[in-house]
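Since every read-out is calculated from the coordinates, none of them should be taken as a lab result. It should be emphasised that the depicted structure is a prediction, and the values quoted were computed from it without experimental measurement. Every residue, glycine as well, gets a Cβ built from its backbone with ideal geometry; the counts of neighbours run over all protein chains shown.
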Amino acid sequence: MEFDAAGAVGTMQAGFAALSALIVSYSLSAVGAIILLIVGYIVAGLAERSLAAALGRVRGIDATLVTFFSKIARYAILALVLVMVLGQFGVQTASIIAAMGAIGLAIGLALQGTLQNIAAGIMLLVLRPLRIGEYVQVDSIAGTVEEIGLFATRLRGPDGIYILAPNSSLWNKPIINYNRNRKRRKDIEIGIGYGDDLALALRTLVELAQSDERVFDEPAPDAFVSALADSAVTLTLRYWTSDTNVLGVENSLRRAAKETFDRLGISIPFPQQEVIWKGVVDAAPTSPASGPAGASAPKAA
């Protein structure tokens with residue numbers, strides 16, 4: 001068999017030409033991919049900073065939300081750039097997007113509880129039903145808010161105990177915020193005796209509330225009979241004060257009411273019960289010595 005030198009040379013030239021074309025094509029794709037990566041990285045950084053600056057100018061938005069949304073914008077752009085880079089090399093991007101969607105769905109199902117806490121944290125930070133420094137109660141959870149995160153909220157209990165509550169447990173239940181409304185109404189109940197001067201007691205309670213500068217003049221304090229209990233006439237002193245003075249004013253008015261009522265001779269009775277026996281005992285009581293009625297004790301021998 002004769003060696004066809006001319007054919008071999010032609011084949012090699014054709015191979016080199018194809019290889020050269022492939023190298024040029026992939027070189028251009030590589031250069032384009034590098035340019036896309038650089039431009040995408042710059043655009044992602046600009047988008048992150050621009051969104052953070054725009055959200056920072058929104059009044060009342062939490063800094064945690066600013067960071068969260070700006071990071072999401074950055075990584076979303078980077079993910080899009082990565083898909084475009086793979087498309088430069090002939091990779092089917094539709095299948096990649098479908099695979100990323102399937103992966104995201106699987107991760108979402110695996111982290112369902114965590115994602116629920118994140119969603120609840122976003123709602124807490126956007127709607128702001130509680131803020132740092134406010135005392136709140138949600139079901140059995142009560143304390144002063146110290147930090148609101150995307151996953152959990154940190155509180156300090158009234159006895160100083162550390163509380164870390166998942167955001168979903170706070171968002172799915174009614175929130176009682178004791179500091180959101182600065183003006184608070186307070187009722188104090190005090191019992192007096194049925195024989196005491198009712199008008200004097202009511203007037204005294206109102207004067208005590210008016211003499212405390214922490215009690216608001218409007219709405220004006222009021223005192224009224226709220227119940228006729230078994231052992232006392234229950235009086236209620238109703239007044240308005242600021243949320244920071246609720247406990248202090250209550251303690252002061254209770255003490256002042258006790259001292260003033262003692263000085264005026266108005267009693268604060270304790271619970272008591274009166275027992276009345278009805279009916280007459282027909283038979284005379286028996287004693288061990290005499291035995292049953294009508295029977296005489298045996299004589300000594």
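Shown in residue order for segment 36-44 are the 3J(HN,Hα) couplings computed by the Karplus curve 6.51 cos²θ - 1.76 cosθ + 1.60 at θ = phi - 60°: 4, 5, 5, 5, x, 5, 5, 5, 4 Hz (x for Gly and Pro).
Between Ala165 and Lys258, the contour length at 0.36 nm per residue exceeds the Cα-Cα span by 29.4 nm.
Listed by chain and number, the lysines placed with their C-alpha closer than 21 angstrom to that of Lys258 are Lys186; residues fewer than eight positions away on the same chain are left out. Using the Cβ-Cβ distance between Ser50 and Met84 with R0 = 25 Å, the FRET efficiency computed as 1/(1 + (r/R0)^6) comes to roughly 0.75. Judged by the mean number of other Cβ atoms found within 10 Å, the most tightly packed of the peptides 211-219, 141-149 leads the ranking 141-149, 211-219.
Using the Kirkwood radius built from alpha carbon pairs, what does the Stokes-Einstein equation give as D for segment 129-177 at 37 °C and 0.692 mPa s, in µm² per second? Before the final figure, lay out each step's value.
Values: Rh = 10.4 Å.
Stokes-Einstein gives a translational diffusion coefficient of 315 µm²/s.
The length gained by stretching the chain between Asn172 and Phe270 to full extension, at 0.36 nm per residue less their Cα-Cα distance, is 30.9 nm. In order along segment 150-165, phi translates into HN-Hα couplings of 6, 9, 8, 10, 9, 10, 10, x, x, 9, x, 6, 6, 10, 10, 10 Hz, rounded to whole numbers, per the Karplus curve 6.51 cos²θ - 1.76 cosθ + 1.60 with θ = phi - 60° and x for Gly and Pro. Full extension of the chain between Ala199 and Tyr75 gives 37.4 nm of extra length, using 0.36 nm per residue less the Cα-Cα distance.
Given R₀ = 45 Å, what would the calculated FRET efficiency be for Asp222 paired with Arg57, taking r from the Cβ atoms and rounding to 0.05?
Values: r = 46 Å, r/R0 = 1.03.
Efficiency, from the Cβ-Cβ distance: 0.45.
Figure legend: label point modelled 7 angstrom from the Cα of Thr244 along Cα→Cβ; residues of segment 202-220 with amide N under 18 Å from it are 213-217. Coupling constants for segment 190-196 follow from the phi torsions by the Karplus curve (6.51 cos²θ - 1.76 cosθ + 1.60, θ = phi - 60°), and in residue order they are 9, x, 10, x, 5, x, 7 Hz; glycine and proline get x.
With each pseudo-label sitting 7 Å past Cα toward Cβ, what's the Ile97-Thr234 distance in nm, one decimal? The answer from the label model is 6.8 nm.
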